[in-house]
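The values are calculated or read from the model by the stated rules, or taken from the named source; none is laboratory data. Just so it is clear, the model here is predicted, and its values are computed rather than measured. Cβ sites come from the backbone with ideal geometry, for glycine too, and all protein chains shown count toward neighbours.
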Amino acid sequence: MSVPPVVLDQNTAGWRRLAAIAITLAIMGLALHALAGQFDEHGYHQIRTALKGLSWTQLLIATLLGMASYACLIGFDAIGLRRAQRRLPASRIGITAFLAHAAGQTLGFAALTGGAIRLRSYGRAGLSLAEIGQVVLMSTLGFVFGAWLLLGLALWLEPGAAARALPIAVPVVRALGIGLLVLFGVMLVVVGRDGRRIGWRSHHVWIPNRRTVLEVTLLSVVELGLASAAFYVLLPAQGEVGFIGFVGLYLVAVVAGLLSTVPAGLGVFEWSLLKLLPQIAPAAILAAAVAYRVTYYLLPLLLSALLAAVASVRRPISSGAGAAWSALRPWLPQIIALAVFAVGALLVIDGTLPVPRHRILPAPLPLVETSHLLGSLGGVALLLIGQGLQRRSHVAWLIALVLCVGLPIPVWLRGGHALVALTLPLAAIALWAARREFYREGALLDEAWSWPWLRNVALVLVATVWLLFFVYSHVEYQNELWWQFATSGNAPRALRALLLISLVVIVFGLARLLHSTRSPLPAPASETLEQLRPVLAQAHDTQACLSMTGDKAILRSEHGDGFVMMQRYGGSLVSMGDPVGPPAVVRELIWKFREEADRLGLRPVFYQTSDRHWQTYLDLGLTLVKLGEEAMVPLQDFSLNGSTRADLRQAWNRGKRSALSFRLVGAADVQPLLPALKAISDSWLEEKSGEEKGFSLGSFDPAYLCRFPVALVEAEGRIVAFANVWQAPAGHELSVDLMRHLPDAPKGTMDFLFIELFLWGAANNYTRFSLGMAPLTGLAEHRLAGRWNRFANLVARHGERFYGFGGLRRFKSKFSPDWRPRYLAAPGGMHLPAALLDVTRLISLDPQR
């Protein structure tokens with residue numbers, strides 16, 4: 001018996017994510033619009049002139065200061081690991097911390113993105129979730145305390161800088177700074193030598209002891225000082241704001257960017273600095289911001305990709321290098337995906353900017369125009385396939401490699417910047433070096449979009465549109481611009497590139513909307529099913545007979561002594577029950593199924609599993625939720641005698657009085673009965689106004705029915721009901737799958753059928769009869785039960801009139817069964833509702849369609 005389709009309403013969560021993306025885009029759009037308002041129609045040329053004014057010495061110093069800042073960030077991980085009393089190789093700590101901060105700084109939500117990287121790397125080293133949480137806490141608290149102390153010092157020592165930017169008098173600013181410093185001192189006294197939990201109402205945070213607070217604060221002061229200095233050296237010389245005053249304003253801009261939820265505070269950070277530094281020319285601030293983002297954000301990201309490429313060429317031998325490799329390898333696809341995404345963004349943005357005259361090549365105009373469009377087209381393609389790289393898709397890797405190898409020439413011919421063209425071969429080298437990590441099959445249109453990646457693509461497109469109008473604000477729009485072709489026709493060329501990008505994104509989005517769900521795995525051939533007969537003969541569970549329906553793919557063990565019946569739907573690869581075979585083979589097959597799901601880029605899901613292999617499922621990192629309970633009627637010494645069997649005896653006698661008779665037809669003799677059985681099945685489906693189900697149930701398929709014995713109930717020589725019989729001789733278990741009866745069959749016909757099967761099974765040495773599962777029953781109803789139990793009980797109560805959960809259990813209970821649990825094993829978190837939704841849709845499919 002299958003679980004009925006349960007509608008898991010994810011619309012609310014989806015709308016919340018969509019609203020969050022819309023808010024982020026709106027904030028960035030408003031910030032960019034405000035930035036544009038600071039310039040006249042020649043703003044781009046002013047910024048470009050300011051960029052040319054930056055010396056190589058300034059850029060080198062900014063780069064060195066930025067890298068020194070990242071080195072300090074690694075120290076937070078070391079402090080956190082020391083507090084957790086865990087010793088790890090310095091190479092693992094350094095690489096993990098560097099990757100965590102590089103990703104966190106670029107993508108935003110550093111505690112989450114960086115925490116995910118630490119969880120995977122440090123988790124493989126044996127750290128618990130609580131110990132990894134200590135590391136994340138040190139990094140977060142370090143920023144908070146360091147910014148707190150630096151801001152207080154800046155407001156106290158140089159209040160004039162803030163007073164010029166804010167409508168506050170100098171004495172008030174100095175008083176605020178002193179107040180922040182006093183509060184910091186009070187906090188140090190409060191936390192004491194052992195630490196303290198500080199919070200308000202239900203919101204609390206654990207503050208470590210005073211020594212640790214001072215350590216992370218001092219380290220953060222140095223780190224934030226280096227990061228702000230990396231920006232400060234890019235600004236023009238001016239005497240109104242000293243370095244201490246600038247640090248305070250820089251921190252305000254950083255916090256504004258963090259609160260905006262825009263990745264890296266793009267646009268918000270720059271706008272805040274414009275407002276906080278009114279004495280500096282806006283063009284100089286934005287030029288410094290562009291250089292700062294390249295040296296502090298983009299360069300570490302490219303270094304991560306380069307590190308990934310170098311590490312993937314040859315696995316190190318030494319213990320320290322081996323630890324570094326093991327820390328880095330799980331993140332190769334994510335690092336390369338981010339790098340490819342950044343290269344795609346650079347190509348799209350570079351296609352929007354004007355080409356200086358000295359970079360215009362003496363090439364034919366059609367070649368220049370075509371190269372420009374190809375460069376922009378390749379850039380948006382890299383944006384769209386980046387998530388496929390993150391999920392180790394081989395198709396995405398192949399497309400990205402071809403684009404990175406083939407695009408440098410078009411980018412060079414269109415007059416693109418040399419650094420942009422150089423990133424393409426570097427990305428190609430990283431892709432080729434890490435080629436073994438991209439092994440998953442599947443089409444790109446099958447990949448489910450993650451909300452963060454969708455947000456990042458949207459941010460790049462919004463920034464590109466804004467940049468187009470900002471750069472060419474001096475060009476009056478005319479319809480003729482679209483058809484103006486000239487070697488120096490930058491504005492028309494940028495318009496055409498933007499149109500092409502928009503069309504590609506729209507077509508890709510529509511293709512995903514119209515694309516059907518993942519095509520099912522190929523059904524096994526009849527010869528393959530016949531090869532499973534020896535395994536079925538040794539099965540202990542009649543559920544293994546579902547392999548004969550032919551609608552599920554078969555994954556066999558190495559020696560053919562076990563198998564998994566499975567099918568994919570949506571983003572899940574679903575196994576029907578536990579693997580079939582001896583216990584040792586089953587454990588091997590569980591891991592083999594997990595590897596197959598990983599190869600296909602799907603989440604592994606085991607549907608209607610027993611409690612025999614729960615330890616292995618937990619080893620896979622899966623979550624177990626109870627689906628219901630299976631009714632198992634004991635057949636040892638089964639008879640209709642005695643007071644406990646009075647109801648069954650009466651039902652059997654009533655069937656006899658209605659002239660019902662029972663016979664069991666062998667599989668070889670089912671073929672001549674198919675027309676009569678087909679008529680019964682069609683009448684039953686018509687009466688129920690239903691259709692055939694698949695995966696967890698058999699359907700009326702002649703080939704399937706002819707593989708099993710069929711139990712018949714006849715009335716006056718006419719067949720009125722039937723059921724195909726499953727047998728598991730090794731487990732001494734019987735069951736039925738397809739049960740159909742005529743609408744005019746005598747009352748109690750199905751009871752009579754079951755009782756006769758019980759008697760037949762008892763006479764033939766079977767010890768139990770499975771009546772199938774009663775879904776969403778037998779779940780814990782305590783007020784402290786888990787969320788799934790509370791949700792499932794709610795569905796069972798309010799869905800009773802639609803499905804009859806309780807009625808089905810009461811019907812099976814009259815046969816006095818023993819109840820054994822059945823579970824769903826699937827990844828936890830947000831994957832669990834998605835897995836449940838995929839399973840309910842899969843079991844609702846008509847296999848004959």
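Computed values, structure above
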{"item": "Some residue of the range 401-417 being free of Cβ contacts under 8 Å to residues at least 12 places away in the same chain, β-branched (Val, Ile, Thr), more than 24 Å from ALA597 (Cβ to Cβ) and part of a helix (DSSP H, G or I)", "result": "yes"}
{"item": "Pick from the range 396-424, criterion over 21 Å from LEU353 (Cβ atoms) and in contact with a helix residue (DSSP H, G or I) (Cβ under 7 Å, 6 or more places away or on another chain), ranking: surrounded by the fewest Cβ atoms within 10 Å (Cβ to Cβ)", "result": "VAL405"}
{"item": "Residue ID - surrounded by the most Cβ atoms within 10 Å (Cβ to Cβ), chosen from residues in the range 810-833 that are in a helix (DSSP H, G or I) and touching a residue at least 60 places away in the same chain (Cβ under 8 Å)", "result": "LYS812"}
{"item": "Sole exception among (1) over 23 Å from LEU837 (Cβ atoms); (2) surrounded by fewer than 20 Cβ atoms within 10 Å (Cβ to Cβ); (3) not hydroxyl-bearing (Ser, Thr, Tyr) for LEU635, by number", "result": "(2)"}
{"item": "Matching residues in the range 241-277 - criterion: being outside any helix (DSSP H, G or I), touching a helix residue (DSSP H, G or I) at 6+ places or on another chain (Cβ under 7 Å) and either surrounded by fewer than 23 Cβ atoms within 10 Å (Cβ to Cβ) or not small (Gly, Ala, Ser) (or both)", "result": "VAL241, THR261, VAL262, LEU266, LEU277"}
{"item": "Conditions (1) modelled with pLDDT under 80; (2) part of a helix (DSSP H, G or I); (3) surrounded by fewer than 19 Cβ atoms within 10 Å (Cβ to Cβ); number of the one not met by SER488", "result": "(2)"}
{"item": "Any hit, the range 585-597, residues being under 30 Å from ALA345 (Cβ atoms) and aromatic (Phe, Trp, Tyr)", "result": "no"}
{"item": "Checking VAL720 against (1) assigned to a loop (DSSP other than H, G, I, E, B); (2) farther than 26 Å from ALA537 by Cβ, the condition it does not meet", "result": "(1)"}
{"item": "Residue match in the range 697-705 (condition: in contact with a helix residue (DSSP H, G or I) (Cβ under 7 Å, 6 or more places away or on another chain) and on the phi > 0 side of the Ramachandran plot)", "result": "no"}
{"item": "Matching residues, the range 686-717, being within 26 Å of PHE758 (Cα to Cα) and without any contact (Cβ under 8 Å) to a residue 12 or more places away in the chain", "result": "GLY717"}
{"item": "Candidate set: the range 72-107, residues that are touching an Asp or Glu at 6+ places or on another chain (Cβ under 7 Å) and surrounded by fewer than 23 Cβ atoms within 10 Å (Cβ to Cβ); chosen: the one farthest from VAL255 (Cα to Cα)", "result": "ARG86"}
{"item": "Given (1) surrounded by 22 or more Cβ atoms within 10 Å (Cβ to Cβ); (2) at pLDDT below 75; (3) under 28 Å from the mean Cα position of the chain (by Cα), number of the condition LEU119 does not satisfy", "result": "(1)"}
{"item": "Residue match in the range 302-321 (condition: modelled with pLDDT of 80 or more, buried (at least 18 other Cβ atoms within 10 Å of the Cβ) and under 28 Å from GLY29 (Cβ atoms))", "result": "no"}
{"item": "Qualifying residue in the range 583-603 (condition: touching a residue at least 24 places away in the same chain (Cβ under 8 Å), over 26 Å from the mean Cα position of the chain (by Cα) and not in a helix (DSSP H, G or I))", "result": "no"}
{"item": "Whichever residue in the range 423-434 is in a helix (DSSP H, G or I) and in contact with a Pro (Cβ under 8 Å, 6 or more places away or on another chain) and, among such residues, is farthest from GLY379 (Cα to Cα)", "result": "PRO425"}
{"item": "Residues of the range 589-612 satisfying the condition of being surrounded by fewer than 19 Cβ atoms within 10 Å (Cβ to Cβ) and farther than 27 Å from ALA396 by Cα", "result": "SER610, ASP611, ARG612"}
{"item": "Qualifying position, being modelled with pLDDT of 75 or more, within 22 Å of PRO263 (Cα to Cα), surrounded by fewer than 20 Cβ atoms within 10 Å (Cβ to Cβ) and not β-branched (Val, Ile, Thr), among LEU30, LEU59", "result": "LEU30"}
{"item": "Complete set of residues in the range 177-219 that are at pLDDT 85 or above, over 34 Å from the mean Cα position of the chain (by Cα) and β-branched (Val, Ile, Thr)", "result": "ILE178, VAL182, VAL186, THR217"}
{"item": "Residue in the range 778-786 that is modelled with pLDDT under 90 and surrounded by 16 or more Cβ atoms within 10 Å (Cβ to Cβ) present", "result": "yes"}
{"item": "VAL368 in a helix (DSSP H, G or I), farther than 23 Å from LEU332 by Cβ and either within 26 Å of the chain's Cα centre (by Cα) or not assigned by TED's automatic domain parsing to the domain that holds LEU499 (or both)", "result": "no"}
